[in-house]
Amino acid sequence: MRSLLFSPADSEKKLDKAMNCGADAVIVDLEDSIMPERKALARAAALEFLKAVGAKKDRPRLLVRINGLDTGMTDADLDAIVAGKPDAVLFPKAEGGASVVHLDAKLTAREAIAGLPDGCIKILAQSVESTAGFFLAGTFREASKRLIGLTWGPEDLSAELNAEANRTADGALTEPYRIARAMCLFGAAAARVPAIETIHVDFRNEAALRRDTEEARRDGFTGRMAIHPAQVPVINDVFTPTQEQIEKAKAVVAVFAANPGAGTVGIDGKMYDRPHLARAKALLERVKNS
């Protein structure tokens, strides 16, 4: 998934627009964008939406952001939306592998009640949204076969830290949040799942979004969450490998295949080693699954 676009569950208009903007995934939000007094209405709307569009061909992947385990609302969210068979849930403030195990058990029970196959609903965990989550970012490996990726969030984290801001005037992350971002990357690598970059809040600044997203790709993120449909084309473009990159990756794989015992090979006067091979294979796998 290159682009994952948030849309509030209680806005049919925004959901319809999200479905048709080219995003790889639509995140039906039951958390931050929904006021407490509208949670029940939003749950019902989310289920209706999932049932209406779930069987459509060539649709984006459908995720539902539930409310976190610490809110007391997780069970009500799952009771409402599991029957709609979303592709995954976005799990806010996921504090380590143990929290994913907890959510996995809740999903297993509700899948059985709904007559769904065990494990059909996956989990994308927002792993570094709290200080506790920060220190547990490396504990997700083998927590659940449902886990399909890790992402992070500076907004909730900065509120917990009582920080005045999480970015500088030019949009760069301040030091605590640069570290949190890196922890998400390391945690995802340790868990052997993709790392998804957080949102870019200045949705009208396309140049800044592109620059920031290119840095995310450079560092190892494979996709990004979006808060506005206008961000989707930029995110998709940045995370779509160019034909030149694809051909280079194929060349690296081919040369190593022709020299199975080699630790390093030369291509056009440059040396490539086994880590280059791993990156080339990962790029080609993303292209295959896109």
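The values are calculated or read from the model by the stated rules, or taken from the named source; none is laboratory data. Because the structure is a prediction, the values reported are computed rather than measured. Cβ: placed from backbone, ideal geometry, glycine included. Neighbour counts: every protein chain shown.
Does region 189-204 include one or more residues that are of a type outside the set (Val, Ile, Thr), over 21 Å from the mean Cα position of the chain (by Cα) and in the same structural domain as ILE227 (by TED's automatic domain parsing)? Yes: one or more hits.
Yes or no: PRO260 assigned by TED's automatic domain parsing to the domain that holds PRO60 and either more than 16 Å from the chain's Cα centre (by Cα) or more than 27 Å from GLY96 (Cα to Cα) (or both)? For PRO260, the condition - assigned by TED's automatic domain parsing to the domain that holds PRO60 and either more than 16 Å from the chain's Cα centre (by Cα) or more than 27 Å from GLY96 (Cα to Cα) (or both) - is not met. Of the residues contained in region 88-100, none is found to be farther than 27 Å from ALA189 by Cβ, out of contact with any strand residue (DSSP E or B) (no Cβ under 8 Å at 6 or more places or on another chain) and assigned to a helix (DSSP H, G or I). Pairs needed: first member in region 133-159, without any contact (Cβ under 8 Å) to a residue 40 or more places away in the chain; second member anywhere, β-branched (Val, Ile, Thr) and not in a loop (DSSP other than H, G, I, E, B); C-beta distance under 9 Å; at least 6 residues apart or different chains. Cβ pairs passing all conditions: LEU157/VAL128; LEU157/THR131.
Scanning region 15-39 for residues that are in contact with a helix residue (DSSP H, G or I) (Cβ under 8 Å, 6 or more places away or on another chain) and part of a helix (DSSP H, G or I) yields LEU15, LYS17, ALA18, MET19, LYS39.
Checked against (1) in contact with a helix residue (DSSP H, G or I) (Cβ under 6 Å, 6 or more places away or on another chain); (2) more than 27 Å from ALA18 (Cβ to Cβ), GLY97 passes all but a single condition, namely (1). Where helices (runs of 4 or more DSSP H) fall wholly inside region 108-199, the ranges with 3 or more residues that are surrounded by 23 or more Cβ atoms within 10 Å (Cβ to Cβ) are 175-191. For region 95-119, which residues satisfy the criterion of being more than 22 Å from the chain's Cα centre (by Cα) and either of a type in the set (Gly, Ala, Ser) or on the phi > 0 side of the Ramachandran plot (or both)? Matches in region 95-119: ALA109, ALA112, ALA114, GLY115. Every listed requirement among (1) touching a Leu at 6+ places or on another chain (Cβ under 7 Å); (2) of a type outside the set (S, T, N, Q); (3) without any contact (Cβ under 8 Å) to a residue 12 or more places away in the chain is met by HIS200 save one, (3). All of (1) out of contact with any Pro (no Cβ under 8 Å at 6 or more places or on another chain); (2) under 23 Å from PHE49 (Cβ atoms) hold for ALA137 with one exception: (2).
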